[in-house]
Every structure is written in structure tokens, then in C-alpha cells.
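*Asks:* Input: one structure, supplied below.
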Amino acid sequence: MTAIQPYPAYRDSGVEWLGELPEHWELRRMATVADLRVSNVDKHVREGESPVRLCNYLDVYHNERIGAHLPFMAGTAKEREIRKFGLDVGDVLITKDSEDWSDIGVPALVDYAAQDLVCGYHLAMLRPDGTSLAGGYLFHALKDSHVAWQCQVAAAGVTRYGLSRNAIRSMRIPLPPLSEQRTIARFLDDADRRIRRHIRAKERLMELLEEERRAVVHEAVTGRIDVRTGEPYPAYKDSGVEWLGNVPEHWEIRRVATVAHLRVSNVDKHVREGESPVRLCNYMDVYHNERIGPDLPFMAGTATEREIRRFRLAEEDVLVTKDSEDWSDIGVPAFVEYSAHDLVCGYHLAMLRPDQTSLDGGYLFQALGDSHVAWQFQVAAAGVTRYGLSQNAIRSIRIPLPPLTEQTAIARLLEAAGRRMSTRRATVARQIDLLREYRTRLIADVVTGKLDVREAAAKLPETDPLADDRDRPGTIPTEPNPHESEYDIAKAASP
């Protein structure tokens, strides 16, 4: 294995954010090594113009490589615009305008060109001169946060930010000789493929953990498994509900109205004079958190005393999302673990308070989290562009109901299993974050000359070692062998 070392000799770059450069590198302004073109081709279709496909802002923002697979937008352009803004392989596009200054200067490398494919509005197109700058190297250089910072600080605006042509032309980039640029680009392309392979494997593991969690919940709340023994129940009966099938013989099927009290809040985010200050548990609190605890940043609002009495949260209440622009977001539950005199249920939510003689709140939360039970919410949601549940629809939801002591046992087991799986998911998520941090640091160290990768790049395989499994639907990439490369990507996968 080849250890990657710094270059043998350095000199002061004269730029504070860059520090020292390898002795044989230059620091050049963009204007001296690339042709800048700022497109004015927008999404409007005009008579008399030629049909084109537009590579637009989102194509660049969401894709590091511009390839033939992207669903380019249809548009029109003048012949002069097509000649001027037609894409060539090796061009680099950057986002030029945005509502967020940190989204300025995001790069994408053009891997595909066609006669009708042109650069769209809100983008700048950089065409390397080919004698002193390679497109692949420029792309990686612009991904470095230090280089990109020049775009961000130069962006002018208040509610919307934009880069001037002069700001782009004045950007400075560290520049090794052309052959070394190509070597660096090849090394970083290979490293990026390997890191993405790790990330895909871990993202798939996250999906499998979520599938496992859902399966455990489903088996417990529908009686497929007796959580006390880990085995099926001794006897079953027909539930009379097609989607549910058989349930344990001693279980019931009950409508929510018979075991819980429903309250639909009308307390919104407006602050009104004469009302008391409250903290609102709102839609996003429920949608993004399975459990409502004291650590959440509840919204400030006001409510009448009657509303506070009626909609104040109590421990073991269950909240569900009642309205949404997406029907699949209807009926998302959250379990209330914290109450206070000023904490009330907000708008767009339904509050279910269990009858504690027949329903355990923790069990209700788990039952409503099962996709089969939640399906009832989704099919009952009415609307066209926005969907909502009526109070009758919520009251009519049917849930499988074991005896109260058994409900409590199921809730406790699923809560403990959920904590364990959350810990596992958090570990995997942290590993993904570390891989992304490693990728960012590797790019920065290589394109600013902190690491000399020439020897390591010379030993890379000529063909892409990941071509067989990359982008193949349904595959689960395996962890790479840590000895398959001259740099130890495997080490980056460990927290």
C-alpha cells in the first residue's frame, strides 16, 4: 500500500486562505484559464426559435455529473444562443444565483454533449482552455470549500444572491501542471466512486433497519407474534377485516371512538391580544418526532383559556397529522411523553386521549404506526391538492385490541426495540457523515496541494473496479476490501 505524503517542497501562495502551495504549482485567476459564458436561455418556449433541451439550475445543484440520463427540460433558443451556450464534454457549470448564499458556486462536470443541449438560466458555464486547465480538475477544485468560499463572499444581494461575471473571472484557483491536474482528477474520481460505494451500502443498511422496525411493529400489534413468548399465539380467529386477517382468539377489533376521546385543535400560530401565551406542539413537531418531549423547540402562540383547557397535552396522549398536501403524510402518530400547563396541541393535528381502562397510550401509538392500520387514514383522507381527515373518519379507524395488560407489554417491548434500532441507525448515520467528511477533506487536501497523489494514482486500475455493481437497481453493495486501493478508504468507514 502506498502512503500518500505531502509534496517535497512548498512556497507561500500569498493568499491567506490557501497558505503554502507546492513549489511547482501556480495560483491563477479564472479569467486566465477558462472562458466564462453566462446563459440567458430561460424555460419559456417562443415561436421562431429552435427546440432545445435545457440543463437547468436543479440539474446542476442535484447532480455532480451532467449525463445523458438526466431529464432535461424542454425549451427553445435562438441559433446564436445554441452556438454560444451549447455544452461540451469537460465544461464545468456552477450555480450563479440563489436565495441562499451558501448555494452559490455549486459545480457540475459535463460528461455528455448533444447538438440540442444548452446551458440554462441562473448558471455560469466555464470552458477550460485545455492547454493550462482540465475540466475534471476544475470541477474538483470548485468542490473545495475554500475555493467555493470565494463565490459565496462575492455573491451580492439581500433576499436573493447572485454572482457577477467579474466575481467569477476573479476567482483564484491553485493550478498544478496540466498532466498533474488530470492525474489528480483521476485519483479523486476513483476515490469518490469508492466512498460513494461505502455510502450506498450504509444507506441500504439504514433502509433494512427501518424495514426490520416496521416488521417488528406489525407482527406485535396485529398478533402475529406473542411478544411475551416470541411465538405465535395458540389460537386465532377471523378478525372480519380483510386487511387484518386472523387475530389472536382473545383479541377484539375496536373503533377508535370506543376507546379514545378525540379532540381536533383549532389553535393556530397567530398571536392575539387578550389571549394567554402558550407553546404550540405543531404539525412539524409531530411529523419529525415520534415522541413529544420537553427538548422540542415548541412554537410560541396564544390561546383562550377554554382552548388551553381543551387542548392542553397530557402524558400518553397520541397526536396524529390530520391535514397534508400529500395523502401519504396523513395519520403520522406521535406519543406525548411531556405535559405542561402552557403546552397545547396546535392546528392540523388530531389529539387522541385513551380511555385508560381499556387502552394503553403507548400501544395506541405503536398500532397507529403500523402501515396497515395507518392505511385507513390515507384512504379516508379527502381532497384534491390538499388532503384532510374528518373527525368521523378518525373515530372510525379500527385497531386490533388485546387486553390492557398485554397492550402494555407490547408497548414496552416495542419501545425498547425502537430504542435499540434508533441507536443502530444513529451509528450508521454517523458513519455516513464521517465518510462525507472524509470525502470533503480528501478533496481539499489534494486540490490545494497538501497531499501528493501522483504515485498512488499511477497504481490505480485502468478500468472502473465498481462498474459491475454501480447504479444497478436492487443490489446491496458490499464493503470494499481495504487493500483494493493505494489509499485506505476502509479506515474512513469506521467512526
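*Asks:* Counting only residues that are touching a residue at least 60 places away in the same chain (Cβ under 8 Å) and closer than 23 Å to ARG419 by Cβ, which one in segment 192-207 is surrounded by the most Cβ atoms within 10 Å (Cβ to Cβ)?
*Replies:* Selected residue: LYS202.
*Asks:* For segment 258-272, how many residues are over 15 Å from ARG310 (Cβ atoms) and in contact with a strand residue (DSSP E or B) (Cβ under 8 Å, 6 or more places away or on another chain)?
*Replies:* Residues that pass the stated criteria total 6.
*Asks:* Moving to a separate point now. Select from segment 142-158 the residues that are under 21 Å from ASP129 (Cβ atoms) and in a loop (DSSP other than H, G, I, E, B) and list them in ascending order.
*Replies:* If the condition is that a residue be under 21 Å from ASP129 (Cβ atoms) and in a loop (DSSP other than H, G, I, E, B), then ASP144 is the only one that fits.
*Asks:* Hey, among the residues in segment 1-23 that are outside any strand (DSSP E or B) and either aliphatic (A, V, I, L, M) or in the same structural domain as LEU123 (by TED's automatic domain parsing) (or both), which one's nearest to VAL147 (Cα to Cα)?
*Replies:* Top of the filtered list is LEU18.
*Asks:* Which of the strands (runs of 3 or more DSSP E) contained wholly in segment 159-276 include at least 2 residues that are within 24 Å of LEU142 (Cα to Cα) and out of contact with any Pro (no Cβ under 8 Å at 6 or more places or on another chain)?
*Replies:* Of the strands (runs of 3 or more DSSP E) lying wholly inside segment 159-276, those with at least 2 residues that are within 24 Å of LEU142 (Cα to Cα) and out of contact with any Pro (no Cβ under 8 Å at 6 or more places or on another chain) span 172-175.
*Asks:* Do you know which residues across segment 309-349 are surrounded by fewer than 19 Cβ atoms within 10 Å (Cβ to Cβ), part of a helix (DSSP H, G or I) and either more than 25 Å from the chain's Cα centre (by Cα) or of a type in the set (D, E, K, R) (or both)?
*Replies:* Across segment 309-349, the qualifying residues are ARG309, ARG310, ASP329.
*Asks:* So, in segment 221-257, exactly how many residues are touching a strand residue (DSSP E or B) at 6+ places or on another chain (Cβ under 9 Å), of a type in the set (A, V, I, L, M) and surrounded by 15 or more Cβ atoms within 10 Å (Cβ to Cβ)?
*Replies:* Residues in segment 221-257 being touching a strand residue (DSSP E or B) at 6+ places or on another chain (Cβ under 9 Å), of a type in the set (A, V, I, L, M) and surrounded by 15 or more Cβ atoms within 10 Å (Cβ to Cβ): 5 in total.
*Asks:* Continuing with this model, one more query. Which number in (1) touching a Lys or Arg at 6+ places or on another chain (Cβ under 8 Å); (2) modelled with pLDDT under 95; (3) among the hydrophobic types (A, V, I, L, M, F, W, C) marks the one condition that VAL106 misses?
*Replies:* Unmet condition: (1).
*Asks:* Sticking with this structure for a sec: Assess whether LYS84 counts as being farther than 13 Å from VAL110 by Cβ, among the basic types (Lys, Arg) and in a loop (DSSP other than H, G, I, E, B).
*Replies:* no
*Asks:* Ok, one more. Quick one: in segment 359-414, which of the residues that are among the hydrophobic types (A, V, I, L, M, F, W, C) and outside any helix (DSSP H, G or I) is nearest to GLU210 (Cα to Cα)?
*Replies:* ILE399
*Asks:* Moving on. Can you work out which of the residues in segment 154-182 that are among the aliphatic types (A, V, I, L, M) and modelled with pLDDT of 85 or more is surrounded by the fewest Cβ atoms within 10 Å (Cβ to Cβ)?
*Replies:* Once the filter is applied, the top-ranked residue is LEU178.
*Asks:* For LEU244, are the conditions met, namely being within 23 Å of ALA334 (Cβ to Cβ) and not aromatic (Phe, Trp, Tyr)?
*Replies:* no
*Asks:* Sticking with this structure for a sec: Any residue at all in segment 98-119 that's part of a helix (DSSP H, G or I) and of a type in the set (S, T, N, Q)?
*Replies:* Yes, because at least one residue in segment 98-119 is part of a helix (DSSP H, G or I) and of a type in the set (S, T, N, Q).
*Asks:* Restricting attention to segment 231-274, which residues are among the small types (Gly, Ala, Ser), farther than 23 Å from LYS322 by Cβ and in contact (Cβ under 8 Å) with a residue 24 or more places away in the chain?
*Replies:* Once the filter is applied, which keeps residues that are among the small types (Gly, Ala, Ser), farther than 23 Å from LYS322 by Cβ and in contact (Cβ under 8 Å) with a residue 24 or more places away in the chain, segment 231-274 yields only SER239.
*Asks:* Still on this model: When you look at LEU54, is it within 18 Å of GLN181 (Cβ to Cβ) and part of a strand (DSSP E or B), yes or no?
*Replies:* No: the conditions fail for LEU54.
*Asks:* Considering only segment 264-278, I want to know if a residue exists there that is within 16 Å of VAL318 (Cβ to Cβ) and not aromatic (Phe, Trp, Tyr).
*Replies:* Within segment 264-278, one or more residues are within 16 Å of VAL318 (Cβ to Cβ) and not aromatic (Phe, Trp, Tyr).
*Asks:* Related question: Can you say whether GLY301 is of a type in the set (Gly, Ala, Ser), more than 16 Å from GLY361 (Cα to Cα) and buried (at least 20 other Cβ atoms within 10 Å of the Cβ), as far as the supplied structure shows?
*Replies:* yes
The values are calculated or read from the model by the stated rules, or taken from the named source; none is laboratory data. What you see is a predicted model; the values in this text were computed from it and never measured. Ideal geometry is used to build each Cβ from the backbone, glycine not excepted, and the neighbour counts take in all protein chains shown.
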